[in-house]
Amino acid sequence: MNDNESHNWLDQRAYQTMIENGFEPEFSPSVWEQVKRIQARGGIQTDASVRDMRNLLWSSIDNETSRDLDQVEWAERLPNGHIRVLVGIADVDAEV
């Protein structure tokens, strides 16, 4: 299995797991309307310290009963053998 096939398999498995655990992996029309309103006013305003890291393969550190998935983690092995762990916590009030 090459990297592309592996990533596709993982995407499919994640999608199915979300459904099996009661999540809705597709955004509703009302969510897309909210996104359009945010985009129309120039997007979410953040400070310079905020970085877009959506390209990383994050996993949730929430427990099985959590329904919000607002904490995630990602880890990588560095060339010197150390492991770097990143923890992401959603800024849930950014648009409130």
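The values are calculated or read from the model by the stated rules, or taken from the named source; none is laboratory data. Predicted, not measured: the structure shown is a model, and the values here were computed from it. Here the Cβ is made from the backbone with ideal geometry for all residues, glycine too, and neighbour counts use every protein chain on show. What goes into the accessible areas is simple: the full protein's heavy atoms, side chains included, and nothing from ligands, DNA or RNA. Shrake-Rupley method; radii C 1.70, N 1.55, O 1.52, S 1.80 Å.
If you scan the stretch 36-65, which residues turn out to be surrounded by 11 or more Cβ atoms within 10 Å (Cβ to Cβ) and either on the phi > 0 side of the Ramachandran plot or out of contact with any strand residue (DSSP E or B) (no Cβ under 8 Å at 6 or more places or on another chain) (or both)?
38, 44, 46, 50
Please specify each residue of the stretch 70-82 satisfying the condition of being open to solvent by less than 100 Å² (accessible area, probe 1.4 Å) and farther than 19 Å from residue 51 by Cα.
Correct list: 78, 81.
Checking residue 33 against (1) at pLDDT below 90; (2) not in a loop (DSSP other than H, G, I, E, B): exactly one of these is not met. Which one?
Looking at each condition in turn, residue 33 falls short on (1).
Looking only at the stretch 11-30, which residues are part of a loop (DSSP other than H, G, I, E, B) and not hydroxyl-bearing (Ser, Thr, Tyr)?
21, 22, 23, 24, 25, 26, 27
Taking residue 64 and the conditions (1) within 23 Å of residue 12 (Cβ to Cβ); (2) under 14 Å from the mean Cα position of the chain (by Cα), which numbered condition does it fall short on, given that it satisfies the others?
(2)
Is the stretch 11-32 home to any residue that is acidic (Asp, Glu), under 19 Å from residue 89 (Cβ atoms) and exposed (fewer than 10 other Cβ atoms within 10 Å of the Cβ)?
No - not one qualifying residue is present in the stretch 11-32.
Name the pairs whose Cβ atoms lie under 8 Å apart, with the first residue in the stretch 53-65 and closer than 13 Å to residue 76 by Cα, the second of a type in the set (Gly, Ala, Ser), and 6 or more positions between them or separate chains?
58/88
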